[in-house]
Amino acid sequence: MKDRVVLDTSVLIEGLDFSIIEGKEVLIPKIVLLELKHMFDSDRYDLGLLGFNTLDKIGSFRVIGEEVDLNVRRIGEEVDRRIIELARVNEATLLTYDRGMFYLAKALNVDVVRLVPKFNISDIERLFTSGTISVHIKDKIYRKVGLPGKWRMESSELDFDKEALIKSIDNYAREMGISYDIYTDNLKVLQLDRYRIVITKFPLSDDSEITIVRALKRMRIDQYNVSNELLNRLNRASGVIVAGPPGSGKSTFAAALANYYLSLNRIVKTVEQPRDMQVDLGITQYSKNIDDMDRLKDLLLLVRPDYVIFDEIRNTEDFMFYSDLRLAGIGMVGIVHANTAIDAIHRFIRRLELGLLPHVIDTVIFIDQGDISEVYELAMTMKMPTGMRESELTRPVVEVRDFNTGLLLYEIYKFGDEIILMPIRRDENLEKILKRYPRKIIDGKHYIVVTKRDYKKIRQYRDMLERMGIDILVEHD
């Protein structure tokens, strides 16, 4: 390295190890100062401030170069050429983080050193204590510590420059060739290793904020409260919704289900934004970050997956994407934010014709505090809705049942122009019966299995059970 060094804009914004320039004459092109001033006066204020802070720390430097037309700044290559030319004329070494600048200077036979971003994954890891789910950096460092649904909040003072960390993450991603799932001036989302990073800036947020979420652990399907009956259902179910509130463990369960399907020699794909599910290498993870979701839909039809895990269903376009692929014959597992299992179904009711609902969704799994809380199954039948007495009121009804007990929980049907989601009043004695005796499904028909002795005790409920679509199977003692 020569006795004189020229610093470009990237070095001033990112910062540098000052030992590199110790004993050197530091030269700053006037066009670089103009670039920083333009950033400082625009919506890139934070970057301009970082650059000027670096200049303050350098202290002694000499400004070189002539006055330039401010419009030149808009022509990136011309600006780079001017900085490189100044390094050549002043017989100095050019320092830069910019890959393009480095190779351009090399091509023009100018002495250049490309600096490596000082950030690495360990800078994120040190923010996490044992059991930390996520870190939220704003005026302080806030940590969620615990397990999904069972966490507490901790806070500590910032001991670093938040804006410098944001820029370091940006430079590191560019250096390592890591693509962003979302990249705008005010919002950036990317996945670094097992960390999902969301960066927001003014005016989207009132101040810049960094949210980092870490996947705590990978789970296997047999680590959940999954009965053999439910596992058999998942083997043949083709429209599964995994629902739960934020942070309840929905994506972790969906990843376990994806790995389980892969173990059965099924072709499994995921659609995510960001791609942060902890799945096996045999599963291809597609991004939703595509201009036309129809193109992604066409792609999935071409690669012929047995199952697609969709994380997560947020807006109407997502609901239609899930529904179209399901109706095309692909097994779908969708992740939906909802406070209850029935809320997840209700989000589909507003977007689908009633007759299509059980063909798009046949199973709803509600996750709470990291485990399976409820399982619902949906089926269409022709009947009089519960509470109606006249036979001419018979109509198509979607029944929503508790998978474990077969108990009818809700009926969904049209009444005039309205779609009614009607909760069914529960009989406590009936619920006790359904929970006490084992259940079988034979040719799609629900049965509770009892002995002759027990049958005498519950036969008074037979009519009520039949109205619920459940029969009694008597086995010998």
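See the values below:
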quantity	calculated
Residue satisfying all of: in the stretch 287-311; under 14 Å from TYR322 (Cβ atoms) and in contact with a Leu (Cβ under 7 Å, 6 or more places away or on another chain); surrounded by the most Cβ atoms within 10 Å (Cβ to Cβ) among these	VAL308
Output for the stretch 274-286, where each listed residue is surrounded by fewer than 18 Cβ atoms within 10 Å (Cβ to Cβ) and either in contact (Cβ under 8 Å) with a residue 60 or more places away in the chain or out of contact with any Ser or Thr (no Cβ under 8 Å at 6 or more places or on another chain) (or both)	GLN278, ASP280, LEU281, GLY282
Among the candidates LYS144, LYS150, residue that is modelled with pLDDT under 85 and not small (Gly, Ala, Ser)	LYS150
Given (1) over 13 Å from the mean Cα position of the chain (by Cα); (2) on the phi > 0 side of the Ramachandran plot; (3) buried (at least 19 other Cβ atoms within 10 Å of the Cβ), number of the condition GLY249 does not satisfy	(1)
Looking only at the stretch 30-47, and only at residues there that are more than 22 Å from ARG81 (Cβ to Cβ) and out of contact with any helix residue (DSSP H, G or I) (no Cβ under 6 Å at 6 or more places or on another chain), the one that is modelled with the lowest pLDDT	ASP43
Out of GLN273, GLN278, sole residue that is in the same structural domain as GLY334 (by TED's automatic domain parsing), in contact with a helix residue (DSSP H, G or I) (Cβ under 9 Å, 6 or more places away or on another chain), polar (S, T, N, Q) and under 27 Å from SER179 (Cβ atoms)	GLN278
Strands (runs of 3 or more DSSP E) (entirely within the stretch 95-154) containing at least 1 residues that are hydroxyl-bearing (Ser, Thr, Tyr) and in contact with a Lys or Arg (Cβ under 7 Å, 6 or more places away or on another chain)	132-137
Test for ILE166: is it closer than 21 Å to ASP98 by Cβ, touching a Lys or Arg at 6+ places or on another chain (Cβ under 6 Å) and among the β-branched types (Val, Ile, Thr)	no
Members of the stretch 68-86 that are touching a helix residue (DSSP H, G or I) at 6+ places or on another chain (Cβ under 7 Å) and modelled with pLDDT under 75	VAL68, LEU70, VAL72, ARG73, GLU78
Tally, over the stretch 222-232, of residues that are surrounded by fewer than 18 Cβ atoms within 10 Å (Cβ to Cβ) and either under 25 Å from THR129 (Cβ atoms) or out of contact with any Lys or Arg (no Cβ under 8 Å at 6 or more places or on another chain) (or both)	7
Failed item in (1) out of contact with any Phe, Trp or Tyr (no Cβ under 7 Å at 6 or more places or on another chain); (2) closer than 23 Å to GLU22 by Cβ; (3) at pLDDT 90 or above, with ASN53 passing the rest	(3)
Strands (runs of 3 or more DSSP E) wholly inside the stretch 367-462 that include at least 1 residues being aliphatic (A, V, I, L, M) and in the same structural domain as VAL242 (by TED's automatic domain parsing)	371-383, 395-402, 408-415, 418-423
Conditions (1) within 30 Å of ALA254 (Cβ to Cβ); (2) in contact with a Gly (Cβ under 8 Å, 6 or more places away or on another chain); number of the one not met by TYR410	(2)
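The values are calculated or read from the model by the stated rules, or taken from the named source; none is laboratory data. Values in this document were obtained by computation on a predicted structure and should not be read as measured data. Positions of Cβ are generated from backbone atoms using ideal geometry, with glycine treated the same way; all protein chains shown enter the neighbour counts.
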